[in-house]
Amino acid sequence: MAAQTSRWSFLFRADEGRIDAGTWWRNTGVLFAIFAVLTLVWLLVEPYAKHDLATEPLFTFPILAANLYRIFYGFASVVLLICYYNLSAKRWRDLGHPAALAGILPFFACVTAALHWLEPRVGGEIPHFVVIIADILLFLTLLWNVIDLGSLLDAFRRRN
């Protein structure tokens, strides 16, 4: 068990070292799977987090549980982004690029998530197109990461 723990510690808790594309793909998949499960649970729980104090009491178990999960989900998402940074920094370094490039996707993910949360709460102060632009930038950054870190261009070139 200690060897497995040290492998996870190497991959997700520190940004030092280098990894190949296969290792990056496998472990990015693990992070994505964890995030997908957490998000599916949030989608099921989220309707209980919204309530109107004029018609519902302040403290009911479903409301409390949903809001506690909201806190857990936010914290877990940030931890997953940190793990992704540490994993991707190793891959960027292996490709001969600055490891700091690994921070771009987590940064855009945090900004986009914040805009999605904030936009409906500020009554039109943030135009919706700003949120759409953030979504597009996040998607393009994700695509760039997948192509470069996953060595998709190299695989394509080898086929041709």
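Identify the single condition in (1) closer than 25 Å to residue 35 by Cα; (2) modelled with pLDDT under 95 that residue 52 does not satisfy, given that it satisfies every other one.
Checking residue 52 against (1) closer than 25 Å to residue 35 by Cα; (2) modelled with pLDDT under 95, the one that fails is (1).
Has the range 114-121 got any residue that is under 21 Å from residue 37 (Cα atoms), without any contact (Cβ under 8 Å) to a residue 12 or more places away in the chain, part of a helix (DSSP H, G or I) and of a type in the set (Phe, Trp, Tyr)?
First, the residues of the range 114-121 that are under 21 Å from residue 37 (Cα atoms): 114, 116-117.
Then keep just the ones that are without any contact (Cβ under 8 Å) to a residue 12 or more places away in the chain; that gives 114, 117.
Now drop any that are not part of a helix (DSSP H, G or I), which leaves 114, 117.
With of a type in the set (Phe, Trp, Tyr) added as a condition, the list becomes 117.
Taking every residue of the range 114-121 in turn, at least one turns out to be under 21 Å from residue 37 (Cα atoms), without any contact (Cβ under 8 Å) to a residue 12 or more places away in the chain, part of a helix (DSSP H, G or I) and of a type in the set (Phe, Trp, Tyr).
For every residue, the table says whether it meets (1) more than 14 Å from the chain's Cα centre (by Cα); (2) not aliphatic (A, V, I, L, M).
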{"residue": "65", "(1), (2)": "yes, no"}
{"residue": "71", "(1), (2)": "yes, no"}
{"residue": "110", "(1), (2)": "no, yes"}
{"residue": "114", "(1), (2)": "no, no"}
{"residue": "120", "(1), (2)": "yes, yes"}
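Taking residue 98, is it surrounded by fewer than 17 Cβ atoms within 10 Å (Cβ to Cβ), more than 22 Å from residue 28 (Cα to Cα) and not hydroxyl-bearing (Ser, Thr, Tyr)?
So residue 98 fails the test.
Name the residue that is nearest to residue 80 (Cα to Cα), counting only residues in the range 104-149 that are among the small types (Gly, Ala, Ser) and at pLDDT 90 or above.
Here the residue is 109.
Go through the range 78-95 residue by residue and tally those that are over 20 Å from the mean Cα position of the chain (by Cα) and open to solvent by 80 Å² or more (accessible area, probe 1.4 Å). Give the derivation first.
Step one: filter the range 78-95 for residues over 20 Å from the mean Cα position of the chain (by Cα), giving 93-95.
Those left that are additionally open to solvent by 80 Å² or more (accessible area, probe 1.4 Å): none.
Number of matching residues: 0.
Looking at 81, 68, 43, which one is part of a helix (DSSP H, G or I) and touching a residue at least 12 places away in the same chain (Cβ under 8 Å)?
None of the other options fit; the residue is 81.
Tell me the residue from 32, 59, 75 that is more than 26 Å from residue 152 (Cα to Cα), loosely packed, with under 15 Cβ neighbours inside 10 Å and modelled with pLDDT of 90 or more, please.
Values: 32 fails: more than 26 Å from residue 152 (Cα to Cα); 59 fails: modelled with pLDDT of 90 or more.
Exactly one of 32, 59, 75 is more than 26 Å from residue 152 (Cα to Cα), loosely packed, with under 15 Cβ neighbours inside 10 Å and modelled with pLDDT of 90 or more, namely 75.
The values are calculated or read from the model by the stated rules, or taken from the named source; none is laboratory data. The structure presented is a predicted model; accordingly, all values stated were derived computationally and were not measured. FYI the Cβ positions are ideal-geometry reconstructions off the backbone, even for glycines, and counts take in every protein chain you see. Areas reflect the complete protein model, heavy atoms only, side chains present, ligands, DNA and RNA absent. Shrake-Rupley method; radii C 1.70, N 1.55, O 1.52, S 1.80 Å.
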